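Everything on this sheet refers to the single structure shown next.
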Amino acid sequence: MASLKTLKNRISSVKSTQKITKAKKMVAAAKLRRAQEAAEAARPYAEKMGEVMASLSQRITPGPGASPLLVGTGKADVHLLVVATSDRGLAGAFNANIVKRARQTADKLIAAGKEVKFYLIGKKGRAVINRIYPGRIVHFQDFADVKNVDFLYARRVGQDLVARFREGEFDVAHYFFSKFQSALVQQPTEQQIIPVPVSSDADAERATGPIEYEPSEEAILDELLPRNVAVQIFKGLLENAASEQGASMTAMDNATRNAGDLINTLTIQYNRTRQAVITTELVEIISGAEAL
Amino acid sequence: MALQFELVSPEKQLRSGTVHQVVVPGAEGDFAVLEGHAPMMSTIRAGAIEVYEAAGGPAERIFIEGGFAEVNETGLTILAERAEPVANIDAEQLTAEIERAEQRLARADNDSERAQAEKRLNTLRTKRDVAAN
C-alpha cells in the first residue's frame, strides 16, 4: 500500500494538472465564440465563389486556350495534398483526425500508382507525415509569424500554390482541413482546390450557351481563379481555427472531469490509509499499556 | 417577374432573395439585370449597386469596392471585396479615412506603394461621391 506521503503528493499533482486543463478550457471557450463567428460569416462567400467557379468550369470549352487552373493539366499523375493543422496541441484528436484523413487519400493515391507530395500548413501535422512519408514534404509553414490568420496570409499561400502549379510541380491539389459543426463535432474534410472540381450534380445539363465576359475572358479568369484558391484556403483556415478551439474545449472538459474523478479516488484511498495508520498506532499503544 | 439576387462579401452575406432589378457598376459601364438576363461575367468597379425590390419602387443603394458579378440561369451573384449600405456610411469617418489616404500617398516613396495609395484614395473618393447624392 502506498504511503501517506506519496498519496498526498499524487493528489496535489493531479490538482495542479486539473487547474491547467480548467484554465485551458476557459480560454478555448472564450476564443471559440469569435472563431466560430468568423468561420460562419466567411462561409457564404466561399460557397458562392465555389458555385460561380463550378458554373464557369461547365461552360468553358476544354482546349489549349482554357486556363489549366480551371480545367486541369489533362493529367492526374502528381497530387499535392495541402494539409492544414494547428500549431498547438491540447486539442484532443483534432490534428490527428485531419492527418488521418490525409493519409487515407495519400495511401489510396499511392496504391493507384500516383505521385504524392505534401504541402503543410501548421506545425502539428509535420512530424507524423514526415515519419510515414519521408521526403515527400515539399513545403512547410506554421503560424509562428502571424498573430491572426487573415485573408492576406491565405492569399500568400494561394499565390504560392498557383505559382507551383504553373511551374508544373503538380496536377491536382487536395485541401484538408476540419469543418466546424459544433463544439463537439468537427468534420475532417477533403476538398479539391486545383483544378476547380466539376460539379457532378444532375442539373449539370442546364448550363448551356456561351457566357459573356466583361472586360475579357482572360482578364476575369486571371483574377478570379487565383482568388478562388485563396478564398478556399482562407475558408479552411477559419474553419480550422474554430474547430481547434471547439476540440480543445471538449478535450479539456473531459480532462478536467477525469482529473476530478482521480482526485476523488485518491482522496478516499488517502483517508482509508490514514485511518489504518491511526488504528495500528492505537492498537500498539493499548497493547503496550496492557502489557505493563 | 423576380430575379434571384445574392450579395456576399468575405465578411458576411448581405442580401439573398428575390428582387425586381439590380443596377451593377460594371468595369466597362453600368448595366441593369432583370430576370432572364443572358449569362455573363463581369468585374465591378467601386461604386453603388442599386437594388429595386419592385418595378418603379425606391432603390436601395449599396456601396461596393470592386469584385465580380455573375449572371446565370438561376440569377445574379455578386462577390464583393467589401460592401456597405450607402445609408450606413459615416461621413466623418470617411473624411478622416480620405485624409489618411492622402497622407499615405504623400509619403509613398516607390511606384507600387504610390499606385496602391492612389487606388485606395480613388475608391474612398468614389465612396464619398456615392454617399453625397
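The values are calculated or read from the model by the stated rules, or taken from the named source; none is laboratory data. All figures in this text were calculated on a predicted structure; none of them were measured in a lab. Neighbour counts run over all protein chains shown; Cβ positions are idealised from the backbone, glycine included. SASA here: full protein model, heavy atoms, side chains in, ligands and nucleic acids out. Shrake-Rupley method; radii C 1.70, N 1.55, O 1.52, S 1.80 Å.
Some observations on this one:
- Within the stretch B:70-106, the set of residues being assigned to a helix (DSSP H, G or I) and not aliphatic (A, V, I, L, M) comprises B:Asn88, B:Glu92, B:Gln93, B:Thr95, B:Glu97, B:Glu99, B:Arg100, B:Glu102, B:Gln103, B:Arg104.
- Selection of the stretch A:190-220 for residues being open to solvent by 30 Å² or more (accessible area, probe 1.4 Å) and at pLDDT 85 or above yields A:Glu190, A:Gln191, A:Gln192.
- Scanning the stretch A:54-77 turns up no residue that is under 13 Å from A:Gln191 (Cβ atoms) and modelled with pLDDT of 80 or more.
- Residue ID - surrounded by the most Cβ atoms within 10 Å (Cβ to Cβ), chosen from residues in the stretch B:77-95 that are under 17 Å from B:Asn122 (Cβ atoms) and over 14 Å from the mean Cα position of the chain (by Cα): B:Leu94
- Residue count, the stretch B:1-38 (criterion: polar (S, T, N, Q) and away from chain A (no Cβ under 13 Å)): 2
- Test result for B:Arg114, among the basic types (Lys, Arg) and assigned to a helix (DSSP H, G or I): yes
- Total residues in the stretch A:126-144, condition closer than 19 Å to A:Asn97 by Cα, open to solvent by 40 Å² or more (accessible area, probe 1.4 Å) and more than 18 Å from the chain's Cα centre (by Cα): 2
- Residue in the stretch A:245-254 that is surrounded by 23 or more Cβ atoms within 10 Å (Cβ to Cβ), in a helix (DSSP H, G or I) and in contact with a strand residue (DSSP E or B) (Cβ under 8 Å, 6 or more places away or on another chain) present: yes
- Exactly one residue out of B:Ala108, B:Ala54 is in contact with a helix residue (DSSP H, G or I) (Cβ under 8 Å, 6 or more places away or on another chain) and either free of Cβ contacts under 8 Å to residues at least 24 places away in the same chain or open to solvent by 20 Å² or more (accessible area, probe 1.4 Å) (or both): that is B:Ala108.
- With respect to (1) under 18 Å from the mean Cα position of the chain (by Cα); (2) surrounded by fewer than 21 Cβ atoms within 10 Å (Cβ to Cβ), the lone exception for B:Gly47 is condition (2).
- Test: residue in the stretch A:157-169 that is open to solvent by 10 Å² or more (accessible area, probe 1.4 Å), at negative phi and touching a Lys or Arg at 6+ places or on another chain (Cβ under 7 Å): no
- Odd one out for B:Thr74 among (1) more than 14 Å from every other protein chain (Cβ to nearest Cβ); (2) over 18 Å from the mean Cα position of the chain (by Cα); (3) touching a residue at least 60 places away in the same chain (Cβ under 8 Å): (1)
Table: residues versus (1) in a loop (DSSP other than H, G, I, E, B); (2) among the aromatic types (Phe, Trp, Tyr).
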position	(1), (2)
A:Lys75	yes, no
A:Asn97	no, no
A:Ala102	no, no
A:Ala106	no, no
A:Phe118	no, yes
A:Gly125	no, no
A:Val128	no, no
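- A:Gln159 vs. criteria among the polar types (S, T, N, Q) and in contact with a strand residue (DSSP E or B) (Cβ under 8 Å, 6 or more places away or on another chain): no
- Single match in B:Glu65, B:Glu60 (criterion: open to solvent by 20 Å² or more (accessible area, probe 1.4 Å), under 14 Å from the mean Cα position of the chain (by Cα), within 14 Å of chain A (Cβ to nearest Cβ) and modelled with pLDDT under 90): B:Glu65
- Qualifying residue in the stretch B:81-93 (condition: under 12 Å from B:Ile44 (Cβ atoms) and of a type in the set (A, V, I, L, M, F, W, C)): yes
- Positions within the stretch A:17-35 being within 14 Å of chain B (Cβ to nearest Cβ) and buried (at least 20 other Cβ atoms within 10 Å of the Cβ), in sequence order: none
- In the stretch A:221-233, of all residues being out of contact with any strand residue (DSSP E or B) (no Cβ under 8 Å at 6 or more places or on another chain) and open to solvent by 30 Å² or more (accessible area, probe 1.4 Å), the one that is nearest to A:Ile20 (Cα to Cα) corresponds to A:Arg227.
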